[in-house]
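Coordinate-derived values only; no laboratory data. Remember, predicted model here, so these are calculated numbers, not experimental data. Quick reminder, even Gly has a Cβ in these numbers, built from the backbone with ideal geometry, and neighbours come from all protein chains shown.
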Amino acid sequence: MRYSKAAMNDQRHHPHRRPPAERGRNQDASRDELIINAALELLGVKGYHGLTMTDVAAHAGVSKATLYRRWTAKADLVADAVATLDSLNSPRYPGTSLRDDLLALVHHAGNCDNRPELVIATMEMARLHPELYRTLAERYSTFVRSELTKLSARAAEAGHAPLSEVELDVLGDTVIALMAHYGGPTGASVPSERLATMVDHLLMVMMTRSRASEQRAAC
């Protein structure tokens, strides 16, 4: 079965969504977002256990047939919905220094205050569906690794030695491991002071071979 280019692009954004056949019935892409938004809103109110596909369809204003043509299982829908949250989008970097940009990244990656109820629901889902949790973890890992690659390139342009692929892998693994450790089992937001310490005494050292305080003293 062949799929259109638009369908394949949609599949990359929502990998658990059923891809529409090129010759099949046209599917309004705007309904995908209605369904995703409805799932997130209800997930925050009802939690994963209380969420039903019927509720999502009604809240989105679509039929159950429309929903099931896109997602056949609640777990698949929730996985795609949670993956659209801001924590997986690039933060706004100040661009004033490497340290400031690293702080912006870790604050963004470690901040759950805007939707704490969704974090709790996601943890609930993870306990029931470890395979889907691994999918979300992989997306988070890819996001962190991609952003660190960008910042490493900027550091190299500023005169620092470029990092190898292995070094970038280790750097990304370090950030993810510390975020998981600091956030704990409930995925709590990481305190700003802890993030600043992590940047100054670990990430800056790994990226530039010197501490942030030493760089400020040299200026």
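If I stretch the segment between Ala158 and Val170 completely, what's the gain in nm (0.36 nm per residue apart, minus their alpha carbon distance), one decimal?
Result for the pair: 2.2 nm of gain on full extension.
Would you mind counting up the charge near Ala38? Only other residues with Cβ under 13 Å from its Cβ, with Lys and Arg at +1 and Asp and Glu at -1.
0
Extending each Cα 7 Å along its Cβ direction at Ala180 and Arg134, get the distance between those two points in nm, one decimal.
A separation of 1.2 nm, rounded to one decimal place.
Can you put His129, His49 in order of Cβ neighbours within 10 angstrom, beginning with the fewest?
His49, His129
Test of understanding: what is the full-extension gain from His59 to Ala73, defined as 0.36 nm times their sequence separation minus their Cα-Cα distance?
So the extension gain works out to 3.4 nm.
With all pairs of different alpha carbon atoms counted, what Kirkwood hydrodynamic radius in Å does region 125-199 show?
13.9
Return the sequence-ordered ³J(HN,Hα) values of region 68-79 in whole Hz as given by the Karplus equation 6.51 cos²θ - 1.76 cosθ + 1.60 applied to θ = phi - 60°, using x for Gly and Pro.
Karplus values, whole Hz, x for Gly and Pro: 6, 6, 9, 10, 8, 9, 4, 4, 5, 4, 5, 4.
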